[in-house]
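Below is one structure, written out as structure tokens, with a few remarks after it.
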Amino acid sequence: MSEVSIPSPPLTVRRPFSAVQRWRVNAWLPWLLPALILLLWQLSAQWGWLSTRVLPAPSAVARAALDLSASGELWRHLGVSTGRALLGFAIGGGLGLLLGLLTGSLRWAETALDTTLQMLRNIPPLALIPLVILWFGIDETAKLFLVSLGVFFPVYLNTFHGIRNVDRDLIEMARSYGLSGFALYRRVILPGATASILVGLRFSLGLMWVLLIVAETISAQSGIGYMTMNAREFLQTDVVLVGILIYALLGKLADLLAQGLERAWLRWHPGYQT
């Protein structure tokens, strides 16, 4: 009597999450800890563990933000601060990129400039505040100078090292295929340095808001820093927290922008592929 073999059903691998579910988890998971902190903060204020004079509840801070938004005051200060930050970043980041490309590409430029720039890099921008006030007074130039100086060096250093760390074998191979001059620079050297340049860009975007806070608290008549310092004079702790949280959100938005640029410009790079 012959045996009848029963075909076994094909094995199916059940994945715990689909692609859409994984995307949703990855999108919401980073915000879980901030949400828990806000919940704990709110409950602590409601239950009397925190003095509302020292640290108002998140609901009170949200009401203050809505009031400032409704009056238009928040948007006016936000626009002024954003304009200062972007202009300072354009000046400092642009100079850092140009000098980084120059010293990274040409040995004589590195010899002539890098020592001076490294000496200046070790001077904290905040230590220059008294001198900046003497030079520029307390108008917009002083604030732009501090932001520009702060964002200059991260962009400069990362651009310099990005250019220098491009694979020499890759450059030689490109030369063997006939590339030279600007074509070699545009198609091989710059793409090879882009990852490092974007690291400097990302670091500078975060530093931009930190320096703007300091610059706007020196002496300003508008801006988020002015709004925060003015609220401190009147003991409006909720408004002070609104200003601090806005700086945090602006820093996060700048970081998301830098990440978006990394994904767009480094799609070819294995380290940035999902």
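The values are calculated or read from the model by the stated rules, or taken from the named source; none is laboratory data. Bear in mind the structure is a predicted one, so any value in this text is a computation, not a measurement. Cβ placement follows ideal geometry from the backbone for every residue including glycine, while neighbour counts extend to all protein chains displayed. Surface accessibility is based on the protein's heavy atoms, side chains included, excluding ligands, DNA and RNA. Shrake-Rupley method; radii C 1.70, N 1.55, O 1.52, S 1.80 Å.
Overview of values
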| read-out | value |
| --- | --- |
| Tally, over region 38-86, of residues that are assigned to a helix (DSSP H, G or I), open to solvent by 60 Å² or more (accessible area, probe 1.4 Å) and touching a residue at least 60 places away in the same chain (Cβ under 8 Å) | 3 |
| Any hit, region 16-33, residues being loosely packed, with under 11 Cβ neighbours inside 10 Å and at pLDDT 85 or above | yes |
| Subset of region 197-227 [out of contact with any Leu (no Cβ under 9 Å at 6 or more places or on another chain) and either within 23 Å of Gly162 (Cβ to Cβ) or assigned to a helix (DSSP H, G or I) (or both)] | Val199, Phe203, Ser204, Gly206, Leu207, Val210, Ile213, Glu216, Thr217, Tyr226 |
| Residue within region 146-162 that is over 26 Å from Gly83 (Cα atoms) and open to solvent by 40 Å² or more (accessible area, probe 1.4 Å) present | yes |
| Subset of region 228-272 (residues that are in a loop (DSSP other than H, G, I, E, B) and under 23 Å from Arg63 (Cβ atoms)) | Phe234, Leu235, Gln236 |
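Conditions (1) closer than 20 Å to Leu205 by Cβ; (2) hydrophobic (A, V, I, L, M, F, W, C), marked per residue:
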residue: Asn122; (1), (2): no, no
residue: Ala127; (1), (2): no, yes
residue: Gly137; (1), (2): no, no
residue: Glu140; (1), (2): no, no
residue: Ser148; (1), (2): yes, no
residue: Val151; (1), (2): yes, yes
residue: Thr159; (1), (2): yes, no
residue: Leu170; (1), (2): no, yes
